[in-house]
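Heads up, the thing below is written out as structure tokens.
Only the coordinates and a few stated rules stand behind these numbers; no lab work does. None of these values were measured; they are calculated from a predicted model. Cβ sites come from the backbone with ideal geometry, for glycine too, and all protein chains shown count toward neighbours.
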Amino acid sequence: MTSSQTLAPHRPLGVAAIGYAFMGKAHSHAWRTVANHFDVPAFEQKVLVGRDADAVAAAASKYGWSESATDWREVIAREDIDIVDICAPGWLHAEIAIAALAAGKHVLVEKPLANTVEEGKAMVAAAQKARVKGVRSMVGFTYRRIPALAFARQLIADGKLGTIRQARASYLQDWLADENAPMAWRLRKETAGSGALGDIASHAIDQVQYLLNDTVSEVSGRLHTFVTERAGPHGPEPVTVDDAAWATLSLSRGAVASVDVSRVALGQKNALRMEIYGTAGSLTFNLESPNELYFLDGTDPVELQGFRRILVTEPEHPYISGWWPQGHVIGWEHSFTHQVRDFLLDIANGTDPSPSFEEGLSVQNVLAAIEASSAASCATIPVVELAETADSSRSFS
Ligand SMILES: NC(=O)c1ccc[n+]([C@@H]2O[C@H](COP(=O)([O-])OP(=O)(O)OC[C@H]3O[C@@H](n4cnc5c(N)ncnc54)[C@H](O)[C@@H]3O)[C@@H](O)[C@H]2O)c1
């Protein structure tokens, strides 16, 4: 390994992205726009990797990548690649991330960290070994980079809600409500790890831990599959993951959270909702109005109390100074731009990104405990404590 692979080199950082479908497109958009809006170290969108040579070449040209390739192993071995951005499905996360970190490449990997706790532990071990050499790693829990949610975390940390008693997190979608929707990698345990649980409860659980700056200590959970068989390429196939999941979470400092997620909630498209209730105030957020945060100040005279709508578009709000004048709203895709902005700055500054692989593993441990609880008739299951969890505090200006 050369020093140019472990530290920011004296040339633009070379970026490779693996996967060019949903997340590949969202991440490409972020790489394309970040330098227009934020001061970041110089980088080049070098290679986009996929399996179908023609399709990935077309995507590379459309999304601003200089080249395309079909073998991720060859790409991570290249001297001119410094950053590997993994936008591939969960079953590939561990293999690619561990190989890329061993090759001295900084790694951004999509959520959830892995398909299993065992894979997640191996990824944490690889990240810790690489970190000693200055190689950075990060998990793509992008909702941390929605300005309203980053601001909510600041308000909670500043004590504006007093002591947090209760959180409610729900994430509802309906793309599997149609029982004729076909089989896909997301519906097979061996490729997805779990269903709505790993796919969207992972976001909700990360948000609970992030907003409260706390960790889940025990859970009670339930998984359910409503459509147990779907049309596969070779005929009907059993669905081996959950369509929906429910859990109550105990947090280390005494708060209790509820999480409910579904991919069959007819009419709900991508509804992530967070509600936080403390002794002195409350916050609510709905991803369908991503620029808005609702805050109730419980110290106001009771006859004046009510949820105030904060339009999180002031330059004082997290990330907003990079965008437009007040009130010129931003959207879902901007959180990906903020994510690569923070990742690039951490690489340049020699600081560890958050969410770290340890934080990704802590979510993975909660997911595993919910699965174990569901299998044990909703029994209360302790969450394995991580010996070392990185501090998730960040700066945004
Ligand atoms: N942060 C978010 O909000 C968010 C949203 C959706 C998905 N995700 C996560 O992103 C990841 C990818 O999900 P997606 O929705 O983009 O999936 P997708 O099915 O849309 O795309 C997967 C991509 O991986 C590529 N791929 C598969 N095997 C490959 C291989 N061997 N070599 C190279 N490329 C390969 C496919 O060609 C495809 O381009 C998952 O971990 C998912 O959980 C995150």
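Numbers for the structure displayed
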quantity	calculated
Antiparallel bridge percentage (DSSP; both residues within the chain; nearest 5)	60
Sorted by Cβ neighbour density within 10 Å, fewest at the top, the residues T116, T279	T279, T116
Where N is the number of residues in the chain, Cα Rg divided by 2.2 N^0.38 Å	0.97
Formal net charge of residues neighbouring V208 (Cβ-Cβ distance under 15 Å; K, R +1; D, E -1)	+1
Unsatisfied cross-links (Cα-Cα over 18 Å) in the set K25/K62; K46/K121; K111/K189; K105/K133	K46/K121
Likely footprinting exposure, Y143, Y294, fewest C-beta neighbours within 10 Å first	Y294, Y143
Centroid-to-centroid separation of region 19-84 and region 301-375 [C-alpha atoms, Å]	23
Residues W332, W31 arranged by fewest to most Cβ contacts within 10 Å	W332, W31
Region 98-161 versus region 169-185: alpha-carbon centroid distance in Å	27
Cα gyration tensor shape for region 6-57, rounded if a/c is under 1.5, else prolate or oblate	oblate
Hits among aspartates and glutamates - C-alpha to C-alpha of K269 under 19 Å, sequence gap 8 or more where chains match	D174, D178, E179, D199, D242, D243, D260, E288, E292, E333
222 nm mean residue ellipticity, helices alone, for the chain (DSSP H n ≥ 4; -39,500 (n - 2.57); rounded to 500)	-9500 deg cm²/dmol
Alpha carbon Rg of region 3-135, scaled by the compact-globule rule 2.2 N^0.38 Å	1.00
